[in-house]
């Protein structure tokens, strides 16, 4: 009887000490997170780890509170509120690296995060960005000449920083955030259910 009790206690102690030694957590602070979407494009967003188990995701004026951040050894699991999408990643010295997963769609997208970086889009040309503020008529292409639908873009711009909404017949893309880099614009949004990236070039009073 004594041997059995000692044996169980010893095993429990081993398990406890092992999990403590190998467990990692995310450092608090800002992270630039990038999803590798199709055609080698990168969709960035910024998040702020506010405690071991909580973080915030930023899209323009929208702040998404995430309180389901779990750890297992050297990995982190970030479950977005309301929506099914989650991030499963290995913690690295500089952030984390893994996948954004939506199981119902069998969708797995590579994701990488760099800590101490809150720059959504880097800017190559800070001088004289094209002014995109205001309302724009837009034509969206689905990839073929027949698959074109009309929309409206409503943008606010401050220097190189751009935010706004794109309204289409199939729905609105809200809380878009990004930059105007010379005559090129880049906008992204990520909320756990949707991840959208818009890029284009402005020609006089039109863009494509």
Inset, instruction - Pull out the extension gain between residue 106 and residue 133, defined as 0.36 nm times the separation in residues minus the alpha carbon to alpha carbon distance; nm, one decimal. - result: 5.9 nm
Inset, instruction - Using 0.36 nm per residue of separation minus the Cα-Cα distance, give me the extension gain between residue 41 and residue 74 in nm, one decimal. - result: 9.1 nm
Inset, instruction - Can you give me the P(r) profile for region 134-207? Cα pairs, bins 10 angstrom wide beginning at 0, each as a whole percent. - result: 18, 55, 25, 2
Inset, instruction - Please give the FRET efficiency for residue 90 paired with residue 62, using the beta carbon to beta carbon distance and R0 = 41 Å, rounded to the nearest 0.05. - result: 0.90
Inset, instruction - Normalising by the residue count of region 134-207, find the relative contact order in percent from Cα pairs under 8 Å and 6+ residues apart. - result: 17
Legend entry - Residues 106, 131, sorted so that the one with the fewest Cβ neighbours within 10 Å comes first: 106, 131
Inset, instruction - Assuming 0.692 mPa s and 37 °C, estimate D for region 49-169 with Stokes-Einstein, Rh taken as the Kirkwood radius over Cα pairs, in µm²/s. - result: 186
Inset, instruction - Take the Cβ-Cβ distance between residue 165 and residue 25 as r, set R0 to 45 Å, and report the resulting FRET efficiency rounded to the nearest 0.05. - result: 0.80
Inset, instruction - Mind sorting 107, 167 by how few other Cβ atoms lie within 10 Å of their own Cβ, fewest first? - result: 107, 167
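None of the figures in this text is laboratory data; all of them are computed from the coordinates on show. All figures in this text were calculated on a predicted structure; none of them were measured in a lab. With ideal geometry, Cβ positions are generated from the backbone for all residues, glycine too; neighbour counts draw on all protein chains shown.
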